[in-house]
Structures are given as C-alpha cells and as structure tokens.
1. Per-residue ellipticity at 222 nm for the protein assembly as shown, helices alone: DSSP H runs ≥ 4 residues times -39500 (n - 2.57), over residue total, nearest 500 deg cm²/dmol?
2. Give a residue-ordered list of calculated ³J(HN,Hα) values for the stretch A:121-126 (Karplus: 6.51 cos²θ - 1.76 cosθ + 1.60, θ = phi - 60°; whole Hz; x for Gly, Pro).
3. Which peptide among B:236-247, A:176-187, B:259-270 comes first, and what is the full order, when sorted by highest mean count of other Cβ atoms within 10 Å?
4. Just tell me how shielded B:249-262 is by partners: mean number of partner chain Cβ atoms within 10 Å of each residue's Cβ, no decimals.
5. How large is ³J(HN,Hα), in whole Hz, for each residue of the stretch A:252-267 in order, when computed from phi with the Karplus curve 6.51 cos²θ - 1.76 cosθ + 1.60 and θ = phi - 60°, using x for Gly and Pro?
6. Please list the non-local residues whose amide H lies under 5 Å from the amide H of B:GLY341, H modeled 1.01 Å from N, same-chain partners needing a gap of 5 or more.
7. Restricting to Cα pairs below 8 Å that are 6+ residues apart, what does the relative contact order work out to for chain B? Please round to a whole percent.
8. Taking each residue in B:148-157, count the Cβ atoms of any other chain within 10 Å of its Cβ, then average. What number comes out?
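Read the figures in this text as sums done on the coordinates, not as results from a lab. Since this is a predicted model, take the numbers as computed values, not measurements. Counting neighbours? That spans all protein chains shown, and the Cβs are built from the backbone with ideal geometry, glycine included.
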Protein chains: 2
Amino acid sequence: MAQISNNGSHHSLSGRRLIILTEGHTEPVTGKTATCVVRYRPEQVVALLDSTQTGKTTQELLGVGGSIPIVGKLEDAPTANTLMLGIAPSGGRVPPPWRAVILAAINRGMDVISGLHEFLSIDPEFSQAAAAKGVQIFDVRKNNERDVAHRLNIREECLRIHTVGQDCSVGKMLVALELTNAMKSQGVTAKFIATGQTGIMVEGDGSPIDCVVSDFVSGAVEKMILAHQHNDVLFIEGQGSISHPRYSGVTLGLLHGCMPHGMILCYEVGRKAVYGMDHLQLKPLAQLVKVYETMANLMVPSRVIGVAMNSRKVSVAEAELERERVRQELGLPVCDVIRHGPEEMLQAVQQMMPVATNA
Amino acid sequence: MAQISNNGSHHSLSGRRLIILTEGHTEPVTGKTATCVVRYRPEQVVALLDSTQTGKTTQELLGVGGSIPIVGKLEDAPTANTLMLGIAPSGGRVPPPWRAVILAAINRGMDVISGLHEFLSIDPEFSQAAAAKGVQIFDVRKNNERDVAHRLNIREECLRIHTVGQDCSVGKMLVALELTNAMKSQGVTAKFIATGQTGIMVEGDGSPIDCVVSDFVSGAVEKMILAHQHNDVLFIEGQGSISHPRYSGVTLGLLHGCMPHGMILCYEVGRKAVYGMDHLQLKPLAQLVKVYETMANLMVPSRVIGVAMNSRKVSVAEAELERERVRQELGLPVCDVIRHGPEEMLQAVQQMMPVATNA
C-alpha cells in the first residue's frame with residue numbers, strides 16, 4: 001500500500017500540537033505547507049515560528065487560521081509538542097539556519113515532521129539527538145515504493161478526477177481538497193488522494209510521488225487508486241505541470257498512474273513565468289488543455305472539465321473579468337474555489353458521475 | 001556530475017573478465033544486458049552462465065560474440081574475475097534462484113556487477129560475504145541525484161539527438177550507440193549519453209535515470225548534457241515510451257531533460273502489445289510521432305527525423321516491405337541499423353548539423 005504507514009509510522013496530525021517553522025516565509029506561496037495545514041487542520045496548530053513576523057496572526061499573513069499567533073522562539077509556544085517544517089523549497093534541502101531550530105526542538109523533547117527531500121531522520125546530528133531524547137522524526141517524503149503499475153482490476157464506476165496545473169504552487173492540492181469536502185457534504189463517498197508532502201500531512205495518508213524512484217511513480221499511484229476505488233469519486237492531487245522544465249516527468253507518471261476520467265486545470269491569475277525560473281514563460285491555458293487531454297487519452301478517455309483559477313493576487317473585479325475571459329476562451333466552467341466557492345466545479349464533476357450514483 | 005563515479009566507483013569494464021549470468025534468459029530481449037555487453041565489449045566476456053544452454057555459443061543464441069561459450073557452472077570459466085547479472089527484469093528484483101550463484105561467485109573472490117533496482121550492496125548476506133572476501137559489489141543503478149534542472153548555459157550548437165520508443169526493449173540504446181560510433185568514424189566529435197544500466201555498463205558513465213528520485217530526473221539528464229556539450233553531437237539513450245503505462249514519466253523527464261533537436265523513433269517490427277503487458281495495445285507510430293513532437297516542443301523546437309526499426313524477428317523480404325511501408329506512411333527515413341547499417345539515419349542526423357560543422 002502506498003501509504004505513509006509503509007514506513008512504520010503514520011503522519012496524521014490528530015493529537016499533535018504543532019509549531020510550524022516558517023522563518024522568513026510566512027506567506028502563502030513559499031510557506032505553502034504551513035498555509036495548508038493551518039487551513040485544513042487549524043485545531044492542531046499552536047503557533048507559527050517566524051522571528052521576522054512576531055506578534056502577527058496567521059489570519060493577517062496567510063488569510064486563514066484566525067488568531068493563531070506568529071512567535072519568535074520555541075519557548076513562546078510552550079504547549080507545542082511537535083515542530084513541523086512549513087516550507088517546501090525547490091530541491092528540498094534544509095535551509096542551513098534552520099538546523100539550530102530543529103536541534104533545539106529535539107532537545108526540548110519535541111517530535112519533528114519534515115516534508116523535505118533531504119531526510120532529517122538519516123542526518124547523524126538530528127538522529128543522534130532524537131535517539132538521546134526519545135523523540136521521533138517523521139520524514140513524510142521517505143518511501144520505499146518498488147511496484148510497477150499493472151492496469152488490472154480498475155473499477156471504472158469509481159470516478160477519477162485529477163487536478164492538473166499550469167505550474168507548481170497554483171492550488172492543485174487545495175482544489176482537490178475543497179472538492180472532496182464539498183462532495184462529501186452532499187452524501188457522496190469521496191476520497192482525497194494525496195500525492196505530495198503537504199497533502200499527506202493534511203490527509204494522513206498518501207504517497208509522496210515526487211520522491212518515489214521514477215520507475216515506480218505510476219505504480220505507487222495505481223496502488224492508491226486500487227485501495228480507494230470503493231468510493232464514488234476520487235480527487236487525485238496533481239503535481240507540477242506537464243510543461244514544467246523540472247518536474248514534467250513526475251506530472252506524467254502521476255497522470256498515467258491515476259488515469260483520470262476528468263481533469264481540472266489549475267492556474268494562478270497573473271503568473272507569467274515558471275515559478276522560480278523567471279527566464280521561462282508559462283504555456284497558454286488553451287495549449288495545456290490540449291496537451292493534458294492528448295496525454296491522458298493515451299490511457300483512458302479523458303477531458304478537461306473545468307478551470308480552477310487562483311485569484312488571490314487580484315481584486316474581485318479583476319477576478320470576475322478574468323473568469324469570464326477564460327470561460328469564453330475555453331468554453332469551460334471556471335471558478336476560484338476559495339473566492340467563489342466550489343459549486344460551479346462541483347457541478348462539472350457531478351455531470352460525470354455514473355447514472356446509478358446520480359439517481 | 002551524473003556519472004557512476006559519483007558513487008565512488010567506476011563501472012567501466014576495461015580490465016574485467018566477465019562471466020554473465022543469464023540462466024534461462026540467454027536470448028536478446030530478456031537477456032538484453034548480456035546481449036549488449038557481448039555486442040559492444042566482447043573482449044571482456046569470458047562466458048555466459050546458463051545451465052539450460054551449456055555447450056552453445058553466444059553467436060548461436062544472441063547473434064553476437066562469436067565463440068564466447070555458454071557454461072553451466074562458475075567453475076567452467078575459471079579465468080573470470082567478475083560476475084555480471086545479465087538480465088533487467090521489470091521491477092528489477094533479484095530472481096530468487098540467483099542468490100546462491102551470486103554468493104558462490106563472491107565466495108570465489110569475484111566482484112559482482114548488477115543493474116537491478118534491488119541493490120545487492122545493501123543486502124546483508126551479500127554485503128557481509130563481499131566484505132569477508134574483500135570483493136566489490138557494483139550496483140549500477142544506485143545513485144544519489146538531488147539536483148533539479150535549470151535550463152541555463154545550454155550550448156545550442158551542440159546537436160542533441162534522442163532515441164525514443166514505441167515500447168521498452170526495442171533498440172533505443174543500440175541505435176544511439178551505433179550512430180555514435182558511426183558519427184565518430186566520420187571524424188565528428190560525438191558522445192553516447194547513457195541513461196540506463198546496460199548503457200552505463202557499456203559506456204562507463206551515465207545516469208540510471210529510471211532509478212533516480214522522480215523530482216530529479218530532468219536535472220540528472222541536464223547535468224550530463226552540460227558536461228558533454230563540447231561535442232558536436234550527443235546521442236541520448238531513450239527509456240521506455242511516452243505512452244508506456246508504467247514508465248511514461250521516466251520517458252518525459254528524460255525528454256524534457258535532454259531537450260532534443262531531433263528524435264529517432266524506435267520500434268520492433270511485429271510487436272503489437274506493450275512488452276510484459278499483453279492486455280494493452282501499443283500506440284500506432286504515426287500517433288507517437290505527433291505525441292513526441294508535441295511534448296518535445298514544449299521545451300525547444302524538435303522533430304522526429306527518422307524511424308529505427310528492429311526487424312530481427314522477420315525475414316529480409318518482410319523487413320524490406322515494412323521499411324517501405326513506414327517510409328510511405330510517415331515520410332521519414334527508416335532503417336534497421338544492424339540489418340541495413342546506420343547510413344540512412346546518419347544522413348538524417350548530418351542534415352541537422354550546424355553549417356559550421358558541415359563545412
């Protein structure tokens with residue numbers, strides 16, 4: 001099973017009291033992990049740790065979390081029992097200034113949860129300190145996936161919806177989570193299939209596919225589909241972009257592993273260049289609709305059923321203009337699931353549900 | 001650098017005297033690794049080990065290697081100093097009956113070279129035996145790639161040619177090697193960029209990209225391009241297929257990592273279903289030309305410049321008919337680089353060379 005319990009531990013946050021390290025990154029993009037955990041698991045979050053923003057709240061800086069405070073020292077959140085690293089930098093290495101904070105947390109007897117590619121649990125200094133204090137280090141990306149895909153025993157009556165992107169960090173996980181929750185509230189059995197470290201932290205299971213050995217990405221995804229296809233609908237979190245200069249292989253292995261019936265194309269209004277690679281322009285949405293459909297249809301009949309815009313950087317009026325422009329251009333439903341609510345996208349999904357489920 | 005010397009050792013075969021284990025698989029497809037090492041490094045091969053084929057020669061069973069014998073026991077090749085595992089099974093695990101042979105070789109004081117995903121060097125029984133006898137275990141696929149692609153400082157005057165496939169095991173490595181050798185014989189500086197375990201065994205460097213963590217596949221390939229782009233032309237070995245149900249992510253990460261100016265589409269005449277997945281049909285060549293061009297052009301202008309057919313299973317007359325049929329259908333040069341020689345494909349590559357190099 002492609003679950004984090006594979007590694008002998010389960011990273012569900014229930015029962016944890018988190019302080020989330022976001023030093024210098026308490027904002028929604030580079031602090032994506034922190035923002036999403038605050039959004040979906042606020043009851044677990046005691047504070048964020050960022051000495052550059054002390055005294056503010058997560059609501060002020062991230063737009064979610066209400067009065068959860070930003071503190072400057074571990075000592076200022078004495079009830080926290082777990083340090084979570086709240087950023088997911090490209091390349092996934094530990095920012096050097098964070099080492100002292102991680103060590104201090106371990107020495108205070110706190111567990112540590114990390115989604116970095118650089119595993120803390122095999123770092124000699126961290127692992128020795130953790131052993132000495134009897135605390136646990138959870139590397140959410142650590143995995144030992146070694147199964148290829150088989151394309152057998154897939155239950156086609158389970159609707160598979162996959163969020164795909166124009167770029168990294170545009171809202172693919174958030175859209176999948178919002179639609180899963182909205183669908184559940186209508187009495188339909190739905191499951192969010194987490195494929196990245198933040199999604200796994202929120203959902204408590206999943207597979208960190210960007211850290212899986214490349215031959216086994218599709219196999220890891222297929223295992224999750226098989227394990228959860230008793231649901232009416234699966235919302236599979238996307239990764240990267242099919243046109244991403246760094247991560248397109250991850251995106252395609254995931255796309256072909258989950259064989260979506262429907263795709264929701266996610267993008268951020270106003271973004272022009274590849275995130276973190278300013279010298280490379282993003283591809284137009286219309287081109288990406290064609291490319292995603294071409295690639296998905298190599299496996300099963302599939303189409304883009306809607307566009308999820310992330311409009312957080314523009315005004316209400318600008319978002320409305322953009323929404324109408326994209327609707328006209330692509331002839332698809334378009335919404336910002338946070339700003340506008342998920343209803344329009346939910347309808348697009350419901351129209352794909354098998355007759356038996358709709359009846 | 002994305003070279004096997006990364007791992008503290010160099011797997012070049014020079015100086016080695018190999019016995020290659022192919023038990024029950026002394027044939028060109030499942031015994032691909034053995035066949036390619038015999039084809040390109042015959043001077044290093046003492047014998048093949050297959051108790052089901054004792055007394056025959058590699059020439060009889062594989063069509064290459066002249067009088068290299070098939071033996072039934074390690075003792076029958078007393079001058080061999082290295083055991084190489086000569087198959088590359090899907091999933092990459094050690095066939096259980098081979099464990100005793102590997103241990104016997106170690107206990108005879110032989111080094112072991114393996115291209116499997118399951119690393120022999122971290123197997124307690126093998127590693128303890130190797131330490132006791134002072135021999136080395138080389139896991140060619142073992143790597144610690146952790147660099148993303150940057151898309152900077154690419155020398156566009158270096159022509160990048162990439163072999164791509166309709167399926168696994170159709171000849172992508174062989175075509176790249178044959179064209180590299182043919183180009184070198186014309187006085188052009190050319191380099192074979194190995195991306196799989198067998199290619200690395202033959203070339204002595206490369207990156208086993210199907211065993212790289214998926215986020216870093218394109219980065220691993222880009223590093224090899226940067227390291228060798230002082231050549232006039234690079235022939236980059238392809239992996240899998242863009243339409244492969246298991247490995248398409250590897251294929252796309254590689255394609256976007258090497259950003260080919262030209263692609264050569266490789267296929268095996270007569271193959272109808274995905275290798276090892278008989279329930280799944282292969283995609284037509286014409287569709288694959290379009291899909292590969294669509295995907296490659298997301299990065300740089302690129303086109304399929306020819307088709308390399310692997311016609312080993314059909315007669316000369318059938319191969320000629322097929323060659324002409326595909327030429328007509330696709331309007332591209334077509335040849336079997338072994339049966340027909342590489343000249344037609346070489347011309348297609350030369351027509352892409354910069355004017356300065358052609359002059």
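1. -9500 deg cm²/dmol
2. Coupling constants for the stretch A:121-126: 5, 10, 6, x, 5, 5 Hz.
3. Highest-to-lowest ranking by the protection proxy: B:236-247, B:259-270, A:176-187.
4. Working: counts 19, 9, 4, 12, 10, 2, 3, 9, 4, 0, 1, 0, 0, 0.
Averaged over the peptide's residues, the number is 5.
5. 6, x, 5, 4, 6, x, 9, 6, x, 6, x, 10, 10, 8, 9, 8
6. Result for B:GLY341 returns nothing.
7. In percent, rounded to a whole number, it is 15.
8. Partner-chain Cβ atoms within 10 Å, mean over residues of B:148-157: 3.
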